[in-house]
Every structure is written in C-alpha cells, then in structure tokens.
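Accompanying notes for the structure given below.
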Amino acid sequence: MIPMTLEEIAQVVGATLHDVPDPRALVTAPSAVDSREVVPGGLFAATAGARVDGHDYAAVAIAGGAVAVLAARSVGVPALVVEDVQLALGLLARHLLQQISPTVIGLTGSVGKTTTKDLLAQILERHAATVATDRSFNNELGLPLTVLRADAGTRYLVLEMGAGRKGDLRYLTGLAPPQVGLVLNVGPRAATP
C-alpha cells in the first residue's frame, strides 16, 4: 500500500469521516476484511457476510493496529463511512493501481487458476517485486485486497480472477485492467454433491 491519509482515502472512495481524531493519520499497510488479519497501519474493511458482520469487530481491528475502519455505518472507532464497503474497497484499489502502474497479469478459467498463478508468481518474483493473489482471493473482495498489498516498488501484479456470476470478470478487469491475460481450461461447472 502506498501511504495515504484518511482524508485522501475518504476523497477517493467518497467517505465521511466518523470518530477520526486526525484526518491526516496515514494508512501504510494493506487492508483486511478479517479482524484477525489486520496489521498495524492497515485499514479494516467491515463487510457483512452470511454469518458474521465485520462491523461487530471494528474495535478489535483498531486494537489490532488498524488506523481506521471502512464501514457502512458509524462504529464508535475511527471510520470512513461509505454506502457500499465492497465498492469503496474496489475504488481504493483502482486508485492505488493508477498511482503505481505495475504490469498486471490476469488469470481466469474453470480450473488451474491458483496453480498457474502460484507458478507464475514464483517465476516473476525472481526478477522483480511481485504481488500475487493470496490463497484463492479471486473475487470482488479478494482482488482489491491483493491490489492494496502492492506498493511503489511492485513491478508485477498477478491477479487470479474468478467468475462465479455473469459480469464478475467485467467488474474485476475494470478494477485492474490486465496488460497480460490468461484464460485457462474453460468448461462447465462441476456438479456439487
């Protein structure tokens, strides 16, 4: 993550600052959607899932070192409040990408994405600073989190792009337009028992 003040982030994502003592506080580390994965200097994105609402863990994230929470409502700790946390995370990732301009490599397909991404990242990191999708974080939340791990020294950004629904690839490639694209093993989804 390139260092950005809360004020700058708010401007990029259209947020309102709540309970922020210093709008010039710097976010210097990657973002997280799991309060257990927050690193000091990072930003916690409070998303509501099927079983857990990240807003309930805002104070835990701040105690873990997050500078602020990207949230859909005021949470009683420093927060950038937006209408849609997922959309705001994507806007922030796109902004960061425009600032650093690495070579973006996008991978998609029915099978083989993660393995190919891992192999490609291992090859590229021998030549220059490379950031690649962590685990299988290849959706509308995972891709921005990957992009937000990049910094000014990042030369290659290897992004796994999943397509669970119509329009997913359009959205993901809109956030991080690939200069190099790989489409692997396209076929029908396997039936789940």
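In segment 57-72, the qualifying residues are those that are β-branched (Val, Ile, Thr), touching a residue at least 24 places away in the same chain (Cβ under 8 Å) and not in a loop (DSSP other than H, G, I, E, B), and the one that is surrounded by the most Cβ atoms within 10 Å (Cβ to Cβ) is 69. In the set (1) open to solvent by less than 40 Å² (accessible area, probe 1.4 Å); (2) not in a helix (DSSP H, G or I), the condition left unmet by residue 181 is number (1). In segment 73-95, the residue that is surrounded by the most Cβ atoms within 10 Å (Cβ to Cβ) out of those that are under 16 Å from residue 35 (Cα atoms) and over 17 Å from the mean Cα position of the chain (by Cα) is 79. The number of residues in segment 99-113 being among the hydroxyl-bearing types (Ser, Thr, Tyr) and surrounded by fewer than 15 Cβ atoms within 10 Å (Cβ to Cβ) comes to 2. Among the residues of segment 106-113, is there at least one that is modelled with pLDDT under 95 and either of a type in the set (Phe, Trp, Tyr) or assigned to a helix (DSSP H, G or I) (or both)? Yes, some residue in segment 106-113 is modelled with pLDDT under 95 and either of a type in the set (Phe, Trp, Tyr) or assigned to a helix (DSSP H, G or I) (or both). If you go through segment 156-174 and keep only what is surrounded by fewer than 20 Cβ atoms within 10 Å (Cβ to Cβ) and touching a Leu at 6+ places or on another chain (Cβ under 8 Å), you end up with just 163. Looking across segment 15-36, just one residue is open to solvent by 50 Å² or more (accessible area, probe 1.4 Å), under 18 Å from residue 99 (Cβ atoms) and in contact (Cβ under 8 Å) with a residue 40 or more places away in the chain, and that is 26.
Summed over segment 114-145, the residues that are free of Cβ contacts under 8 Å to residues at least 24 places away in the same chain and either of a type in the set (Gly, Ala, Ser) or in a helix (DSSP H, G or I) (or both) give a count of 6. The residues in segment 42-56 that are surrounded by fewer than 22 Cβ atoms within 10 Å (Cβ to Cβ), touching a residue at least 60 places away in the same chain (Cβ under 8 Å) and either of a type in the set (A, V, I, L, M) or in a strand (DSSP E or B) (or both) can be counted, and the count is 0.
The values are calculated or read from the model by the stated rules, or taken from the named source; none is laboratory data. Not measured: the values here are computed from a predicted model. Every residue, glycine as well, gets a Cβ built from its backbone with ideal geometry; the counts of neighbours run over all protein chains shown. Keep in mind that these areas ignore ligands, DNA and RNA; they rest on the heavy atoms of the full protein, side chains included. Shrake-Rupley method; radii C 1.70, N 1.55, O 1.52, S 1.80 Å.
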